[in-house]
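Structure first, then comments.
Please treat every number below as a calculation from the coordinates, not as lab data. Keep in mind the model is a prediction, meaning the values are calculated, not measured. Cβ: placed from backbone, ideal geometry, glycine included. Neighbour counts: every protein chain shown.
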Amino acid sequence: MNTEEKLFLKPKTLKEALEFTASNRDGFKYIAGGTDLLVNKYQGNIDTGCLVDLTGIDELKQFSVKDNLIYIPALTKLSELKDNIYIKENFPALIKAADSVASPLVRNTATLGGNLLCENRCLYYNQSEWWREAVGYCLKCNGDICIVTGTGKACYSEFVSDTAPVLISMNAKIEVADISGTNILNLEDIYTGDGVNPVNLSKTSIIKSIVLPMDKGYRTIFKKLRQRESLDYTSLSIAVTTDNSGNVVICMSGVDPKPVVVSGNNHIDYEAMCKEAIKNSRSVDNDMLSRKYRKEMIKIYLQQCYDELFG
Ligand SMILES: Cc1cc2nc3c(=O)[nH]c(=O)nc-3n(C[C@H](O)[C@H](O)[C@H](O)COP(=O)(O)OP(=O)(O)OC[C@H]3O[C@@H](n4cnc5c(N)ncnc54)[C@H](O)[C@@H]3O)c2cc1C
Ligand code: SF4
């Protein structure tokens, strides 16, 4: 069987999915809720080849708790997170972040795994094919220049996942299955910072679950800036987490091609951490809200997070 013969495949097991994709490496894309992938496909931003639908695989739906670790299956719908008693009690900020994504209709389809891998965005990229052709293709769609910066050096498309900042600030890991077996990776490490290829997972890898420790006493504040309070993608999402030992982690999306992460041992260091977070965010004017305004809002949100956590 090859991808030329198939446009759609719905495997029932991980093994079946991985055996197919390992032997058809170039012409396929995994699909879960499809709320990100299909929009990009119909705008002509990606060529999917055969769609390999993950939603028939039970191994991607199994929630478990072992040794104080919670395993949230990748196919968990964003709207389902709030029904899970462990998540509700231990990680309420994850529910808040998931509830800030898109609209209720989208959240009933969109999955947590898909949210971690949703494509980076840019005002000059998320347009129709004819729009991009008229303006001139940029680095992210096989052109040779970034329209925002006017140079060919780098793409600064924004990393926009809302759940990733909360998860990374709580040191989340992911279970990743591939044809050679299953590995546990730090979620933060899969993001490259390159706006053209923002994720470094192998093309055939499947996220099985998201793993969080329940014994750290995490307390997290999540804030999101966007034009309208519903539907809009983020222009800045911030999560600040502290734990039993007083460690503090700041993680932001919407202001760089990857999550911006700054850690400290104590909230006494917070001012310096905020300065570093602002310095490290490579935002450019490719969002509905200006770069200058978003930088200002980082300062304000970080202060609000501090007041709510330690004030
Ligand atoms: C109107 C609208 C508004 C939106 N607003 C927001 C927003 O505010 N915040 C936000 O974060 N997102 C937003 N989104 C994007 C999207 O809905 C979410 O990111 C959603 O969680 C993606 O999940 P999905 O299951 O639909 O992913 P899909 O579209 O199915 O997949 C996304 C990517 O992940 C890959 N993938 C999916 N699951 C796996 C897996 N288990 N293993 C390996 N690869 C996998 C796919 O191949 C694809 O590359 C919005 C989308 C729309 C249409
Ligand atoms: S930041 Fe530049 S290269 Fe990247 S998508 Fe936008 S215009 Fe294209």
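Summary of values
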quantity	calculated
For region 209-253, size of Cβ-based charge dipole, Lys and Arg +1, Asp and Glu -1, in debye	140
From the C-alpha gyration tensor of region 158-269, square roots of 5λ in Å	23, 20, 12
Footprinting exposure proxy for 281, 230 (fewest neighbouring C-beta atoms within 10 Å first)	230, 281
Whole-number percent relative contact order across region 168-289, with pairs defined as alpha carbons under 8 Å at least 6 apart	20
Relative packing of peptides 39-45, 116-122, 222-228 - highest average C-beta neighbours within 10 Å first	116-122, 222-228, 39-45
Relative compactness, the chain, computed as alpha-carbon Rg over 2.2 N^0.38 Å	0.99
Whether region 1-133 is rounded, prolate or oblate, judged on the alpha carbon gyration tensor where a/c under 1.5 counts as rounded	oblate
Contact order normalised by residue count of region 189-261, Cα under 8 Å, 6+ apart, percent	27
Simple Cβ-charge dipole of region 85-228, Lys/Arg +1 and Asp/Glu -1, about Cα centre, in debye nearest 20	500
Neighbour-count order for 67, 99, fewest beta carbons within 10 angstrom listed first	67, 99
Residue pairs, from the table 208/279; 88/173; 12/224; 10/77, whose Cα atoms sit over 25 Å apart	208/279; 12/224
Cβ crowding within 10 Å averaged over residues, with 198-208, 250-260 ranked highest first	250-260, 198-208
Rel. contact order, % - alpha carbon contacts under 8 angstrom, at least six apart, the chain	16
Under 5 Å, built H, 5+ apart or other chain: amide partners of residue 208	175, 176, 177
169, 290 arranged by Cβ crowding within 10 Å, fewest neighbours leading	290, 169
Length gained when the stretch residue 109-residue 42 is fully extended (0.36 nm per residue, less Cα-Cα span)	22.3 nm
Of 96/140; 15/82; 96/258, pairs whose Cα-Cα distance is over 26 Å	96/140; 15/82
Cα-centred dipole magnitude for region 107-159, charges only on beta-carbon of K, R (+1) and D, E (-1), debye, nearest 20	160
